[in-house]
Amino acid sequence: MEYVEILLRLIASLNDERVEYVLIGGAALNVHGLLRATEDIDFFVEPDEANIERLKRALRAVWDDDAIDDISADELCGDYPALRYGPPTGTVFLDVMTRLGEKTQWDDLESEEVELRGVGVRVATPKTLFEMKKDTVRPRDRADAQALANAFDVRDD
């Protein structure tokens, strides 16, 4: 499967299982019309044990992989609030998080729902993406923040 097909299948499955999620990262930029190559799909999930179980069901609906059973609500809701999942086939990785250090928590995220090829996608707003990316050490993030500022007229508060 190609990247967009995987993204759409994953998002549809998250929606079907009623997972509380917000798409972030390069995929979110693309959804907002800012084209940028990316090799992974980054998203936040609400740090709640029941939500993590729904996440696991959604992933199982897309991939038949016993490794999904190793995803732990204790970890995602605890001291290690992020994981990288590599499906058994293909080259797209998923980065799933419930917070980014002390900078970004689930409750900090502003999102909106947009439609992508008939699938509703809960995506971080341009302002939220800007706030997440503007002060990181990665040059790619800073370039993303500048692109968001230019395209959506978002700035530091």
### Near pairs, Cβ below 7 angstrom, 6+ apart or cross-chain, from the range 94-109 (over 18 Å from Asp40 (Cα atoms)) to any residue that is polar (S, T, N, Q) and modelled with pLDDT of 95 or more
Trp106/Thr98; Leu109/Thr128
### Query
Are there any pairs with C-beta distances below 9 angstrom linking a residue in the range 136-157 that is outside any loop (DSSP other than H, G, I, E, B) and at pLDDT 95 or above to a residue that is among the polar types (S, T, N, Q) and buried (at least 16 other Cβ atoms within 10 Å of the Cβ), with the two at least 6 apart or on different chains, and if so which?
Phe152/Thr125
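The rows are residues; the columns are (1) in contact with a His (Cβ under 8 Å, 6 or more places away or on another chain); (2) surrounded by fewer than 16 Cβ atoms within 10 Å (Cβ to Cβ); (3) without any contact (Cβ under 8 Å) to a residue 24 or more places away in the chain; (4) assigned to a helix (DSSP H, G or I).
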site: Ala28; (1), (2), (3), (4): no, no, no, yes
site: Leu34; (1), (2), (3), (4): no, no, no, no
site: Ala37; (1), (2), (3), (4): no, yes, yes, no
site: Ile41; (1), (2), (3), (4): no, no, no, no
site: Phe44; (1), (2), (3), (4): no, no, no, no
site: Asn51; (1), (2), (3), (4): no, no, no, yes
site: Arg54; (1), (2), (3), (4): no, no, no, yes
site: Arg60; (1), (2), (3), (4): no, yes, yes, yes
## Note on the structure
Counting only strands (runs of 3 or more DSSP E) entirely within the range 83-125, those with at least 2 residues that are modelled with pLDDT of 95 or more and over 13 Å from the mean Cα position of the chain (by Cα) are 111-116, 119-124
### Query
How about the range 1-21: which of its residues are surrounded by fewer than 19 Cβ atoms within 10 Å (Cβ to Cβ), in contact with a Lys or Arg (Cβ under 9 Å, 6 or more places away or on another chain) and closer than 13 Å to Gly118 by Cα?
Val4, Leu8, Asn15
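The values are calculated or read from the model by the stated rules, or taken from the named source; none is laboratory data. Since the model is a prediction, treat every value here as computed from it, not as a measurement. Every residue, glycine among them, receives a Cβ derived from its backbone with ideal geometry; neighbour counts consider all protein chains shown.
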